[in-house]
Every structure is written in C-alpha cells, then in structure tokens.
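Before any comments, here is the structure.
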Amino acid sequence: MLDEEKVRIKISGLINEDSKVDFDKYSNFEEMVKDYINITQGVLTKIKINEKEIPLAYYDEIKDAFFEGGEEIELEFSSRDSVLLTLIQQSFEYIKKVRDNLENVSQEILLNTPEGHNLLNSIAEGMQALLDIVEQTKIYTGINFYESTDLETIQNIISKLIDAQRNEDFFELSDIIGSEFNKVLDIFENLLDKAYNTLQ
C-alpha cells in the first residue's frame, strides 16, 4: 500500500540515484525535472515512464502531468558539452546532406514544384537550428568564436532567398540555391568546427 503513495525515481548519466518520493512532492513532471536539472547541472536526454521510453519531443505534452503514486520514472541527464558536441556532429552530417541535394533543390525550385518549396522550407528551418547550436555554444562557453561578418553573410543570402520566394522569382531562387548557398554552408561548417574545438 505504501508504494502506491510513492513515486520511484531512477536517475542516470551525470549522477546515479534510485529513490522513492511521496507522490505529492512535486506538483507536476516539469517541477521534478527542473529539480534534477538543478542537482545535476545537466541536460535531460532520456525519459522513461513505467518502463516505456518517451521521446523528448513529447516533453511539452507531459510536463504538466501530475503523480498519483505507483509510477516509475527514469531520467537520464548528460553534460551540456557532450550534448552540444553530439548536436554539432549531427550538424556536419546535415550540412553534407544539404550540400549533396542542392542541385536537386535548385531544379525543383526552377520547376516551381511543391517538393521544391517543401525542401526550401525545411532548409530554412535547418539553418535556424544550426544558428541556435552556434548561439548555444557561445552562451555555454562564454566565447564568441565567430565574426559578425559571418552572420551578416548568412543573413544577406537568406534575406535574398526570402525576397525571391516572396516575389515568386523562381529563377532567382534557383540561382541562389545553386550558387551562393554553398557559401552559407561553408560558413556554418567553419563556425561549427570552431564551436567543436572550443568545447573539446
């Protein structure tokens, strides 16, 4: 009976801990996670609830959940630098994939196909994600490892892309993707390389 009023919490990664707490110790899931982020000074990298793994993308959907007792929660926390290093490695793979597909994207845009526009939108989102990783590394390390001219070049080329898309100038769009966009990828590769070396 007692166990039904407790929540079992297993923590791994930066610290290893196995404990039982009263079900009303935390008002919701997020409060518990924040408590352990504070204790570990890490980043939440894995969630399991009652032995079922929950993708981190669903965090927002479960953060307000409250405990009734009897739950088993497993959380893994990793250091910020190891998380950033992993993200940077994934970014290099992403850049290579984009580079390999630029000619195809350029063709699709020139033909004004829905696929071309979808690819363009996903590239725009990808570039924003890369900027976020660079910015997170800067905030975490306190080191500004990039020149403002780097970001200006990226912003100029992306602004030209947005203008061409707004004006439905598919020839111009195709041209920017086929020629100038490589420069954006080069700058990102260089920035991420510096970020990687800064973290190591």
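According to the Kirkwood relation over distinct C-alpha pairs, the hydrodynamic radius of segment 81-199 is 14.8 Å. The 3J(HN,Hα) values that the Karplus relation (6.51, -1.76, 1.60; θ = phi - 60°) gives for segment 184-200 are, in residue order, 4, 5, 4, 5, 4, 4, 5, 4, 5, 4, 5, 4, 4, 5, 5, 6, 7 Hz. Gly and Pro appear as x. Once the 1.4 Å probe is applied to the protein heavy atoms, the chain comes out at 59 Å² accessible per residue. Loop-located GluC sites (Glu not before Pro) in segment 148-194 (DSSP state other than H, G, I, E, B) with a sparse environment of at most 15 neighbouring Cβ atoms within 10 Å: 168. Using R0 = 45 Å, the C-beta based FRET efficiency linking residue 193 and residue 111 works out to 0.80.
Between residue 38 and residue 104, the simple label model (points 7 Å from Cα in the Cβ direction) yields a spacing of 4.8 nm. Between residue 152 and residue 92, the distance separating the two model label sites (each 7 Å from Cα on the Cα→Cβ line) works out to 3.0 nm.
Relative to the longest principal axis of the Cα atoms of the chain, helix 114-141 runs at roughly 60 degrees. Only one of [x] 16.9; [y] 19.7; [z] 18.6 was calculated from the structure for Kirkwood radius over Cα pairs in Å, and its label is [y].
Give the carbon-plus-sulfur fraction of the accessible surface of the chain in %, rounded to a whole number; probe 1.4 Å, heavy atoms of protein chains only. C and S atoms contribute 47 percent here.
Taking the inverse of the mean reciprocal distance over all distinct Cα pairs, the Kirkwood hydrodynamic radius of segment 6-78 comes to 12.1 Å. The tail of the calculated P(r) for segment 40-108 beyond 16 Å holds 66 percent of all Cα-Cα pairs.
The values are calculated or read from the model by the stated rules, or taken from the named source; none is laboratory data. Given the structure is predicted, the values throughout are model-derived calculations rather than measurements. Counting neighbours? That spans all protein chains shown, and the Cβs are built from the backbone with ideal geometry, glycine included. Note: accessible area is taken over every heavy atom of the protein model, side chains too, but ligands, DNA and RNA are not part of it. Shrake-Rupley method; radii C 1.70, N 1.55, O 1.52, S 1.80 Å.
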